[in-house]
Amino acid sequence: MSNCLVCDHPIDSFLSFGNMPIANHLPMPKHFRNEFRAELAVGFCPGCYMVQLTNLVEQEHLYNDEYAFFSGSSKGMSKHFQEFAEFIMQHYLPTDDSFVVEVGSNDGILLQHMAKRNIKHLGIEPSANVANIATKRGVESLVEFFNVTTAEKVKQTHGQADAILGANVICHIPDIHSVAKSVKALLKPNGVFVFEAPYIANTIRKTAFDQIYDEHAFFFGVHSVVNCFSRHGLELVDVMERNVHGGSMRYVLAHKGAHEVTSKVKQLLVLEDHLGLLKIETYQDFAKSAEKSRDQLKQLITGLREQGKKIVGYAATAKSATVINYCGLTPEHIKYISDTTPAKQGRYSPGAHIPIKPYEIFKQDKPDYAILFAWNHADEIMAKEKNFIKRGGKWIVFVPEVAIVENVKQ
Ligand code: TMP
Ligand code: ZN
């Protein structure tokens, strides 16, 4: 049994996926034989309510030059990051010499908006390949992990920050206490620490078991965020729901007492209690639903293949690595996965080794079914795939439940 990364209480494990490959490393045939695998399992801490991975893969295995995630790979996310940037600039960067730091700035999709307006900024990003793209966009980037040493260094070179941001990245850092200490050191007395992450309430409600993969060390909720950061004198002052990454929450934190706490924080604390997010039984039910989804999806796909139907995957997301390997799907089931990201094309899906092909192939091809792995981008995808449906194609979905449909709502 492992102990909680936040409060050291023993964790109640509720779901194991078995040995899984690295979700964001897309191998070439020469890598197939030595592909790294580790157990993927999640648990709930009854001490602080944090849902978390119980077996962590070393960061160096996850974030290196093989890292295949590019934040700017959809129109929906570009729009979202523009809104996020506007929100921060309007509310939290008050003066001409305001300074904003982003943790895990990836390809600069967020900070580019600050860079364009000549706002002092710095992205801290450990993966050099994506940081180089940011630099080309005019975003100042430091290739480092975010920790106390880096925070002190930035404080020396740039001064303290008015806002420290994290978009879908704080949940990736197992040493969350180091994050909190680094924020404490780098944040101005009246500054804010604003981060976004998939919201546990949505993951549970939608049986979105594919949100669980090696990078997501934490599945935050309002209770667990409060419990985690209050230990370090950081107070949760506001929360906002956002319809990205399958249903996210934006958390605004500040030094204790520096900002007023909104009523929305209290409302969500009550709601989470009503939803059962503070007891293990809820997570055990989620595990049963995930197992049911797995069996139904495998059965559905196997049945369609027996009828000779052609099935492809739509979008080689990190989430799809969990679904594909958990369900035991192979290139026999899924002919290929279409993806618009050039760096992913010509590579293979982790573990199952399903070929990843350019989107143009999908458009010319006439598959009977496409499994929607990027269900979090459903609105954008439905709008552009009307032809696929017109010529008789159908979507296979598994969130919130396994079904064959012609239209998917985000
Ligand atoms: P994400 O869900 O982790 O943001 O990953 C999105 C992936 O989906 C990325 O590899 C690009 C791919 N994608 C497509 O192939 N077609 C699309 O229309 C969209 C929106 C994404
Ligand atoms: Zn705990």
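Rounded to the nearest whole Å², what accessible area per residue is found for the stretch 71-258 with the 1.4 Å probe?
35 Å²
Where only protein heavy atoms count, and the probe is 1.4 Å, what is the accessible area per residue for the stretch 282-405 in Å²?
42 Å²
Over all directions, average the projected area of the Cα convex hull of the stretch 67-157 and note it in nm².
In nm², the orientation-averaged hull projection of the stretch 67-157 is 5.9.
Can you tell me the orientation of helix 148-158 relative to the chain, as the angle in degrees between its alpha-carbon axis and the longest Cα principal axis, to the nearest 10?
60 degrees
Which FRET efficiency value, to the nearest 0.05, do you get for Ala128 and Phe32 by plugging their Cβ-Cβ distance into 1/(1 + (r/R0)^6) with R0 = 30 Å?
The formula returns an efficiency of 0.75 here.
Note down the relative contact order for the chain as a percent, whole number, built from C-alpha pairs under 8 angstrom at least six residues apart.
Computed value for the chain: 15 percent relative contact order.
Given a 1.4 Å probe and heavy atoms of the protein chains only, how would you sort His31, His177, His91, largest accessible area at the top?
Ranked list, largest accessible area first: His91, His31, His177.
Which percentage, to the nearest 5, of the DSSP beta bridges contained in the stretch 71-258 is antiparallel?
If we restrict to bridges inside the stretch 71-258, about 45 percent are antiparallel.
Only Cα pairs within less than 10 Å get springs; with that Gaussian network setup on the chain, which residue of Gly308, Gly43, Gly76 has the largest fluctuation?
Taking springs between Cα atoms under 10 Å, the residue moving most is Gly308.
Quick one: pull the percent of accessible area on the chain belonging to carbon and sulfur, 1.4 Å probe, ligands and nucleic acids left out.
Carbon and sulfur: 49 percent of the exposed surface of the chain.
Whose amide H sits under 5 Å from the amide H of Met50, counting only residues 5 or more places off or on another chain, with H placed in the peptide plane?
Cys45
Considering only the chain, what is the antiparallel percent among its DSSP beta bridges, to the nearest 5?
55 percent
What do the square roots of 5 times the Cα gyration tensor eigenvalues come to for the stretch 135-245, in whole Å, largest first, as semi-axes of the equivalent ellipsoid?
Each semi-axis is the square root of five times an eigenvalue, giving 26, 17, 13 Å.
Name the shape class, rounded, prolate or oblate, that the alpha-carbon gyration tensor gives for the stretch 319-410, where a ≥ b ≥ c are the square roots of its eigenvalues, rounded holds for a/c under 1.5, and otherwise prolate holds if a/b is larger than b/c and oblate otherwise.
In terms of gyration-tensor shape, oblate.
Might you report the magnitude of the Cβ-based charge dipole of the stretch 282-405 about its Cα centre, with Lys and Arg at +1 and Asp and Glu at -1, to the nearest 20 debye?
340 debye
Before rounding to the nearest 500, sum -39500 (n - 2.57) across all DSSP H runs of length at least 4 in the chain and divide by the residue total; then give [θ] at 222 nm in deg cm²/dmol.
Using -39500 (n - 2.57) per qualifying helix, the result is -10000 deg cm²/dmol.
Show me the three semi-axes of the equivalent ellipsoid for the stretch 71-258, from the C-alpha gyration tensor (sqrt of 5 times each eigenvalue), largest first, rounded to whole Å.
23, 20, 16
Defining a contact as two alpha carbons under 8 Å apart and six or more residues distant in sequence, what relative contact order in percent does the stretch 201-325 show?
31 percent
Once you place label points 7 Å from the Cα toward the Cβ at Asp65 and Ile389, how far apart are they in nm?
With each label point 7 Å from Cα toward Cβ, the separation is 4.4 nm.
Taking the Cα centre of the stretch 71-258 as the origin, how large is its charge dipole in debye, to the nearest 20, when only Lys and Arg (+1) and Asp and Glu (-1) carry charge on their Cβ atoms?
So the dipole magnitude of the stretch 71-258 works out to roughly 160 debye.
Taking the chain as a Gaussian network, Cα atoms linked when under 10 Å apart, which of Glu58, Glu332, Glu306 shows the biggest mean-square fluctuation?
For the chain, modelled as a Gaussian network with Cα springs under 10 Å, the answer is Glu306.
Quick one: in the chain, what % of C-alpha pairs are over 36 Å apart?
Result: 24 percent of Cα pairs exceed 36 Å.
Tell me, what HN-Hα J-couplings in whole Hz come from the Karplus equation 6.51 cos²θ - 1.76 cosθ + 1.60 at θ = phi - 60° for each residue of the stretch 252-262, using x for Gly and Pro?
Karplus-based 3J(HN,Hα) across the stretch 252-262 equals 10, 10, 8, 4, 3, x, 6, 10, 6, 8, 6 Hz.
Let me know the charge dipole size of the chain about its Cα centre in debye, to the nearest 20, where only the beta-carbon of Lys, Arg (+1) and Asp, Glu (-1) is charged.
1160 debye
Counting alpha carbon pairs within less than 8 Å and at least 6 residues apart, what relative contact order, in whole percent, applies to the stretch 282-405?
Reported relative contact order: 25 percent.
The values are calculated or read from the model by the stated rules, or taken from the named source; none is laboratory data. From a predicted model like this one, the values you see are computed outputs, not experimental measurements. Quick reminder, even Gly has a Cβ in these numbers, built from the backbone with ideal geometry, and neighbours come from all protein chains shown. SASA here: full protein model, heavy atoms, side chains in, ligands and nucleic acids out. Shrake-Rupley method; radii C 1.70, N 1.55, O 1.52, S 1.80 Å.
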